[in-house]
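What follows is a short report on a single structure.
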Amino acid sequence: MKQFAALSIVISSLLLGVTAPIVQAQAQTPAYRLIERDMAASNRIQVEVTPGRATPISFTQTDEVIAYILLADPSRLVYTTDTDLKSGRATTIFLKAIQPLKFPGATTTAITNLLVQTIDQTGQKRLYNFDIVPVRRNTAYVGIQIANAFVVPPRESKLARASLTGEGITSGTALWPIAGQQTLLIDKNRRARVDDIETGLRIAINRGYTNKSDPVVPKMQQVLYLLRNSRVTVKEAATSVGVPVEVISELGRIALNDRLLKLGQQR
């Protein structure tokens, strides 16, 4: 019962937006939510916007420039770019919440979407779809950065990396995690694999701890995508997406406990 209560508190905290602060690679470094370009272009990305603060969406880590922007409902939000779109050099959008306006004949919604079309140096166009989520609290990140590839912080000593990643492959004096084979220490004798974390998320949805429309679900899907496609640790993936490691740990624990329960029932 205590374990269930603890799980409910962790999941509820994320859904209410009470998340742990993002661990920053360097002191005073802004905590951006980093999303790989292919994933951003194929998913609806949620962007939280707080009154009185500007939230950037940046393409500076890609070779793309912004060619076109469409805001579906402009009654609660305005945007600017770092340079005029006609210049062909715009790479960042700045979003700002405003007091609600009324436009004759226009429709409004609590969560609108922002469509951004970009073009890269080869002439290839990409269309990104951002869901703009208004919140009253400070967000866990200052903005969104779209990147060609996930940027991995410098590797530390082999001993330090082993404590974070479990098994990995050695390159010089650093231990590099293998994509899709990362593990997370759950308790003294158990580690959760990527498959366990995914299973835990599915169980959490099925049992009603959360639902598919909650912000936790697309964030966890991003974490799983990074873990399966990048040589990053669970902690690095969690930090880039803005999910507390404790939540991922609880999802892993759900899967491991469910497996133990099924084994006990088979005996």
Length released on extending from ARG207 to ASN113, taking residue separation times 0.36 nm less the Cα-Cα span | 30.9 nm
Would you kindly calculate the translational diffusion coefficient of the stretch 52-145, applying Stokes-Einstein with the Kirkwood radius from alpha carbon pairs, for 4 °C and a viscosity of 1.567 mPa s, and quote it in µm² s⁻¹ without decimals?
-> 91
Added length on full extension, which subtracts the Cα-Cα distance from 0.36 nm per residue, ASP258 to ALA54 = 69.1 nm
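Computed from the coordinates by the stated procedures, all read-outs in this text should not be read as laboratory data. Since the model is a prediction, treat every value here as computed from it, not as a measurement.
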